[in-house]
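A.B. asks: Before I ask anything, let me first share the structure, which is written out below as structure tokens.
The values are calculated or read from the model by the stated rules, or taken from the named source; none is laboratory data. All values derive from a computational prediction rather than experimental measurement. A quick note on method: Cβ atoms are made from the backbone with ideal geometry, for glycine too, and the neighbour counts reach across all protein chains shown. Note: areas computed on protein heavy atoms with side chains; ligands, DNA, RNA excluded. Shrake-Rupley method; radii C 1.70, N 1.55, O 1.52, S 1.80 Å.
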Amino acid sequence: APSETLTDDDLIGSVAVETSFTLSDRFNTVKGVYVSDAQSNEVVEFPEVTIASAVTRDNGNTLKREIKLPFSSDTFQCQRIAHKMVQLSGQQQTIVLPTNVKGLRVRCGDRVNVTIEELGWTNKIFRCIDWAFAAGSQIGVNLTLREDSSTAYADMDSTAYTSVDGAGVINAGFPGVPAPSGLTANLIRG
């Protein structure tokens, strides 16, 4: 739950709003490596995680991010982290909120309600990602906040996890590529 509520009354300057990430900072697919307990602590790749709605959000373009998870030890844990990263990448609206001393109550990681009439926000939830003392004649804090939603933390369905069996066979989770249908093969002898 949000730890603080900030309103127009707490502002000491203009709010800077960034509506989305630049293309170089966007991603909807995550792949990477981890140290596998099951494979004698070898560095191995975990299955790529893509969220179809995030690809749609990015105009059908697959945008990949590669990560290293040296402190994760199994493929399911890595896929879960990757899934959360893609979900959170949809929370793109970022604001810099110049507040009075009430902003000192907010720490990085805290969630806050923001109500600003001019922007049409009533208790819009943001998460604090940075803060700095405000420069100028008024004492205050510039809070850098990113929009946040509890839906961005939902776990993936258990059938969505991809696994690899002992023989190295990949059992793709959903969404996967459907099996081809309607194919025929002709043997041509030459």
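A.B. asks: Please give the length that would be gained between residue 105 and residue 76 if that part of the chain were fully extended, namely 0.36 nm times their separation in residues minus their C-alpha to C-alpha distance (nm, one decimal). Write down the numbers at each step before the final one.
C.D. replies: Details: separation 29, 0.36 × 29 = 10.44 nm, distance 3.69 nm.
Value of the extension gain: 6.7 nm.
A.B. asks: Next question, about the same structure. On C-alpha positions alone, give me the angle between the axis of helix 75-89 and the longest principal axis of the chain, in degrees, nearest 10.
C.D. replies: Compared with the principal axis, the helix lies near 40 degrees.
A.B. asks: Another question about this same structure. Take every Cα pair under 8 Å in the range 1-103 that's 6+ residues apart, average their separations, divide by the length, and report that relative contact order as a whole percent.
C.D. replies: On the way: 157 pairs, mean separation 42.1, N = 103.
Dividing the mean separation by the residue count of the range 1-103 yields 41 percent.
A.B. asks: Output the relative contact order of the chain, whole-number percent, from Cα pairs under 8 angstrom with separation of 6+ residues. Don't skip to the answer; put the middle values down first.
C.D. replies: Details: 356 pairs, mean separation 43.1, N = 190.
Rounded, it is 23 percent for the chain.
A.B. asks: (1) -0.49, -1.09, -1.21; (2) -0.38, -1.25, -1.38; (3) -0.75, -1.10, -1.19: which one is log10 I(q)/I(0) by the Debye sum over Cα atoms at q = 0.09, 0.17, 0.19 Å⁻¹ as calculated from this entry?
C.D. replies: (1)
A.B. asks: Follow-up. Round to a whole angstrom and tell me the spacing of the C-alpha centers of the range 127-156 and the range 32-87.
C.D. replies: Each part's Cα centre sits 26 Å from the other's.
A.B. asks: Which whole-Hz ³J(HN,Hα) couplings does the range 104-111 yield from phi under the Karplus relation 6.51 cos²θ - 1.76 cosθ + 1.60, θ = phi - 60°, glycine and proline marked x?
C.D. replies: Coupling constants for the range 104-111: 5, 6, 9, 10, 4, x, 5, 9 Hz.
A.B. asks: Could you tell me which of rounded, prolate or oblate describes the range 55-136, using a ≥ b ≥ c as the square roots of the eigenvalues of the alpha-carbon gyration tensor, with rounded for a/c under 1.5 and, failing that, prolate when a/b is larger than b/c and oblate otherwise?
C.D. replies: Numbers: a/c = 2.73, a/b = 1.71, b/c = 1.59.
Cα axes put the range 55-136 in the prolate bin.
A.B. asks: Counting Lys and Arg as +1 and Asp and Glu as -1, what is the net charge of the other residues whose Cβ lies under 14 Å from the Cβ of residue 155?
C.D. replies: Numbers: positive: 80, 84; negative: 157.
Here the charged neighbours net out to +1.
A.B. asks: A further question follows. Just by accessible area at a 1.4 angstrom probe, what is the order of 95, 12, 188 from largest to smallest? If you can, show how the numbers build up before the last one.
C.D. replies: On the way: 95 0, 12 50, 188 150 Å².
Correct descending sequence by accessible area is 188, 12, 95.
A.B. asks: What percent antiparallel are the DSSP beta bridges of the chain, to the nearest 5?
C.D. replies: Numbers: 31 of 41 bridges.
Around 75 percent antiparallel, to the nearest 5.
A.B. asks: If you count only protein heavy atoms with a 1.4 Å probe, what accessible area per residue comes out for the chain, rounded to a whole Å²? Can you show the working numbers first?
C.D. replies: On the way: 11890 Å² over 190 residues.
Normalised by residue count, the accessible surface of the chain is 63 Å².
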